[in-house]
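Read-outs throughout are calculated quantities, based only on the coordinates presented, and are distinct from any laboratory measurement. In this text the structure is predicted, and so the values were computed from the model without any measurement. For neighbour counting, all protein chains shown are included, and Cβ atoms are generated from backbone atoms with ideal geometry for every residue, glycine included.
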Amino acid sequence: VKRVGEATQALHDKKVGDIIGVRGPFGNSFTLSPGRILMVGGGIGIAPLSFLAKKLASSKKAKITMVMGAKTKSELLFLEELKEVCGEANVLTATEDGSYGVKDVASNFAEKVLTMEKFDMVYTCGPEQMIRKVFDQCEKHNAFMEASLERLMRCAIGICGSCIIGRFRVCRDGPIFNTEQLRTVKDEFGVWKRDFNGRRIPV
């Protein structure tokens, strides 16, 4: 869990053995698509994709290529597990400092992969600007995608409006959005978000 606000700060302040309350799960989930799958994960966005990869791999109906990127090697989450799940040759890594894999960002690496191969589905999770780049690449290569978006969620029940993107509430309508939905919010997706006071600010 990344420390980004009051709730995650409180979670980081907890000690082993402390009691926490949990609400949820909220929103929707990735659909399970068979066939050739490309996953693009950035930073902590690798975590939900790792669970999806295990689910798809257990079905024996999907062949997965995983592109994962982070600032440095220590932030490449579940690296060894994903090598086991997807096959080591199918896990492609990029780090911004060049400490592991290629010195690049995940979205650039994904573009090279999309140029070389056709995929039945692309799943992505990570920084929104990365997701927007992957979306644009999928549009260029006619690949359908599902993305898990992260927005500030204060109420998590669709009332406060802090997680709005276009006409969607990420907490209720998402967090998973597909190609068709993202096309309708292109002016805001990867460009604007809301801050703790509800003001629109750059992503």
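The candidate values were (1) 18.2; (2) 17.7; (3) 19.5; the one computed from these coordinates for Kirkwood radius over Cα pairs in Å carries the label (2). Shown in residue order for the stretch 46-55 are the 3J(HN,Hα) couplings computed by the Karplus curve 6.51 cos²θ - 1.76 cosθ + 1.60 at θ = phi - 60°: 5, 4, x, 5, 5, 5, 5, 4, 5, 5 Hz (x for Gly and Pro). Placing unit charges on each Cβ (+1 for Lys and Arg, -1 for Asp and Glu) gives the chain a dipole about its Cα centre, and among 10, 113, 78 the Cα reaching farthest toward its positive end belongs to 10.
With a Förster radius of 22 Å applied to the beta-carbon distance between residue 97 and residue 1, the computed FRET efficiency rounds to 0.40. Site pair residue 71 and residue 47 shows an inter-label distance of 1.6 nm when each label is modelled 7 Å from Cα along Cα→Cβ. Answer with one residue from 89, 41, 190: the one whose Cα lies farthest towards the positive end of the charge dipole of the chain, charges on Cβ with Lys, Arg +1 and Asp, Glu -1. Among 89, 41, 190, the one farthest towards the positive end of the dipole of the chain is 190. Under 5 Å from the amide H of residue 40 lie the amide H atoms of 67, 123, 124, 125, each residue being 5 or more positions distant or on a separate chain, with H modelled from the backbone and absent for Pro and chain starts. What FRET efficiency would be calculated for the residue pair residue 20, residue 167, taking the C-beta separation as r and a Förster radius of 25 Å, to the nearest 0.05? That gives a FRET efficiency of 0.15. Distance from a point 7 Å along Cα→Cβ of residue 8 to each backbone N in the stretch 42-81: keep the residues under 11 Å and list them by number. Residues 44-45 fall inside that zone. A cut-off of 5 Å between modelled amide H atoms, ignoring neighbours fewer than 5 places along the same chain, links residue 192 with 203. Think of it as helices only: each DSSP H run of n ≥ 4 in the chain is worth -39500 (n - 2.57), and spread over all residues that comes to -9000 deg cm²/dmol at 222 nm.
The length gained by stretching the chain between residue 116 and residue 83 to full extension, at 0.36 nm per residue less their Cα-Cα distance, is 9.8 nm.
Here the chain is treated with +1 on each Lys and Arg Cβ and -1 on each Asp and Glu Cβ, and its dipole about the Cα centre works out to around 460 debye.
The dipole here belongs to the stretch 1-64: it is taken about the Cα centre, uses +1 on the Cβ of Lys and Arg and -1 on the Cβ of Asp and Glu, and is about 440 debye. Extension gain, residue 184-residue 59: 0.36 nm per intervening residue step, less the Cα-Cα distance, totals 41.8 nm.
Applied to the stretch 178-188, the Karplus parametrisation 6.51 cos²θ - 1.76 cosθ + 1.60 on θ = phi - 60° returns per-residue 3J(HN,Hα) values of 9, 3, 4, 5, 5, 4, 7, 10, 4, 6, 10 Hz, with x for Gly and Pro.
With +1 on each Lys and Arg Cβ and -1 on each Asp and Glu Cβ, how big is the dipole of the stretch 75-121 about its Cα centre, in debye rounded to the nearest 20? Dipole magnitude for the stretch 75-121 comes out near 200 debye.
Sequentially through the stretch 112-123, phi angles give Karplus couplings (6.51, -1.76, 1.60; θ = phi - 60°) of 5, 5, 5, 5, 8, 9, 9, 10, 6, 7, 10, 10 Hz, Gly and Pro residues having no value and appearing as x. Net length available on complete extension from residue 144 to residue 32 is 39.0 nm, with 0.36 nm assigned per residue and the Cα-Cα distance removed. By the Cβ-Cβ criterion of under 4.7 Å, the unpaired cysteines of the chain are 86, 125, 138, 163, 171.
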